[in-house]
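Chemist: Attaching a single structure in structure tokens format; questions to follow.
FYI, it's all coordinate maths here, none of it is from the lab. Only a predicted model underlies this, so the values are computations on that prediction, with no experimental measurement involved. Here the Cβ positions follow ideal geometry from the backbone for every residue, glycine too, while neighbour counts run over all protein chains shown.
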Amino acid sequence: MNHYPLYIDGSWRETPAHMTVTSPYSGDGVAACGLASPADMEAAIAAADRDFLPFRNTLRGHRAQLLTAMARGIETRRAEFIKRMVNEAGKPKTLANIEVSRAIMTFTAAAEEAKRLGGDVIPLDGEAANAGYGPAISYWFAKSPVLAIAPFNFPLNLIAHKVAPALAVGAPVVVKPPPQAPGCAMLLAEIFDDLLKSDAVLGKVIPRAALQVFQAANDVTGIAIKDPRLGIVSFTGSQKVGWMLQGMAIGKKIALELGGNAAVIVHEDADLQRAATRCAFGGFAYAGQICISVQRILVHTKVEKDFVGLLLDEVAKISVGDPESSDVTCGPLIDQAAAHRVITWIEEAKRRGARVLAGGVMTGNNFIAPTVMTHVPKDLPLACEEVFGPVVIIATYADFAEAVRMSNASQYGLQAGVFTDSAALHHYATQHLEVGGIILNDIPTFRADNMPYGGVKGSGLGREGVRFAMEDFCERRTVVTRNQPSSR
């Protein structure tokens, strides 16, 4: 069983309070994780505050060197990251391997952007009244230390999307990892700690509180959320918790990625086989526990029968089982509470007249069979909430504008997918879909780690994606010069 102490101010701290991390697949304890006390939290906040200006003032080249070295460290310890994701989060091994590669890319991109993010030059002489002024130079400066709170489903890369941009701009970051799967964050802390101790240059120029990682109960985490010394809160998780945190973090910059119930539009001219294959993957990879999993499939009435047949064929191919197996893409849900919630929603929809075309039953400890349903009433959780489980629902439409309205009829707006070969409909979707990202001719379950990523409406505030998170962690400072007239 792994043991995770607290990593605070460059040292590992033991604590009498612990929690047990349990495997979603086996139910066995796989790690003991220390829990920070209020005094531990105060020490971490004070250290981050102390090291803020020294870290912000480090050379961009040194920050880039740190990020590049961390990317190498992740690659070196790839097998350990994969094992912790499989054991703690129940993530299928093949998907865990992809996540490690993405995290390496995230740190590598941050190393590049650390050297580029500077500011803008703005000409001021567009009006005669401004003669003699400018140009203005608008600089980016890290605002403050960052509090980063991440969920279990991407226990490495979602933390990377908070840590890497913070380190790139010179903002110390305090990481509160997911309680279900803290191991990857703790391994990142080990890599950082080893670098400061082994690299003669980085050990001298990077402050030891630039990265701190530890687990804490909600009341202790609340201390950090309210403390004005941590002026930025970056949170990925549920809508309920995210908006609660916004209310607690008065006066702070807050970035929220709160999930969604992503829709896919399959138009009559789509490549139905490809759409079915991709929708099956997008709906059931990692048991649907992805913020941009396919949840609602909107199919043109003319191709409904053909598409549904192809989709069910693809769903039947989904391998469900031990996440350690290399051929499994759909593993267990994270815990019994999650599995019970999803099966309860399925049963509720069945009582209201919904039809189950595939799955709809529990098949073992925390396992639900990949489920396809139709005729789900619009007011039920399966249709209007985030399922975060292996369930997709199918509805039909007769007109593309109707499909867009159906997609928009949601409190969420993270990403949507559109399958059609029509350039005109691509343009219409771009203009009218109320989401943060539109994936044309593919599923919404796509994210490149350097693109802006985030939602509208109930899906959150701000954007991740390395460069865009860096800007969220900064403030502009604009300098205008009054040019002195020549004395000649």
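Chemist: Determine the percent antiparallel among the DSSP beta bridges restricted to the chain, to the nearest 5.
Modeler: Approximately 40 percent, going by the DSSP bridge assignments.
Chemist: Would the stretch 222-333 count as rounded, prolate or oblate if I go by the C-alpha gyration tensor, calling it rounded below 1.5 in a/c and otherwise prolate when a/b exceeds b/c, oblate otherwise?
Modeler: Oblate shape, in that a/c is at least 1.5 and b/c is the bigger or equal ratio.
Chemist: Moving on to the next point. What dipole magnitude, in Debye to the nearest 20, does the chain give about its Cα centre under +1 on Lys/Arg Cβ and -1 on Asp/Glu Cβ?
Modeler: 1000 debye
Chemist: Along the positive direction of the dipole of the stretch 295-370 (beta-carbon charges: Lys, Arg +1; Asp, Glu -1; about the Cα centre), which of 321, 370, 301 reaches farthest?
Modeler: 301
Chemist: Taking the Cβ-Cβ separation of residue 344 and residue 26 as r and a Förster radius of 22 Å, what is the calculated FRET efficiency to the nearest 0.05?
Modeler: Once the sixth-power term is evaluated, E becomes 0.40.
Chemist: Simple spin-label model, 7 Å along Cα-to-Cβ: residue 325 to residue 1 in nm?
Modeler: Here the answer is 2.8 nm between the modelled labels.
Chemist: Residue 11 to residue 76: FRET efficiency via 1/(1 + (r/R0)^6), r the Cβ-Cβ distance, R0 22 Å, to the nearest 0.05?
Modeler: 0.45
Chemist: Determine which lysines satisfy two conditions relative to residue 83: a Cα distance under 27 Å, and not lying fewer than 8 residues away in the same chain.
Modeler: Reachable lysines: 91, 93, 162, 176, 197, 317.
Chemist: For the stretch 6-88, what does the relative contact order come out to in percent, with C-alpha contacts under 8 Å and a separation of six or more?
Modeler: Relative contact order comes out at 29 percent.
Chemist: Same structure, new question: Go through 331, 255, 416 and say which Cα lies farthest out towards the positive end of the charge dipole of the chain; charges sit on Cβ, +1 for Lys and Arg, -1 for Asp and Glu.
Modeler: Looking along the dipole axis, the top candidate is 255.
Chemist: Stretched out fully, how many nm does the piece from residue 374 to residue 451 gain, at 0.36 nm a residue minus the Cα gap?
Modeler: Going from the current span to full extension adds 24.4 nm.
Chemist: Now a separate question. Determine the shape class of the chain: with a ≥ b ≥ c the square roots of the Cα gyration tensor eigenvalues, call it rounded for a/c under 1.5, and otherwise prolate if a/b is greater than b/c, oblate otherwise.
Modeler: oblate
Chemist: Here is a follow-up. Which one, 21, 232, 277, projects farthest toward the positive side of the charge dipole computed for the chain from Cβ point charges (K/R +1, D/E -1)?
Modeler: 232
Chemist: If you don't mind, there's one more thing I want to ask. Within 10 Å of each residue's Cβ, count the other Cβ atoms and sort 296, 50 from fewest upward.
Modeler: 50, 296
Chemist: A further question on this structure: Calculate the FRET efficiency for residue 479 and residue 384 from the Cβ-Cβ distance with a Förster distance of 45 Å, rounded to the nearest 0.05.
Modeler: Efficiency, rounded to the nearest 0.05: 0.40.
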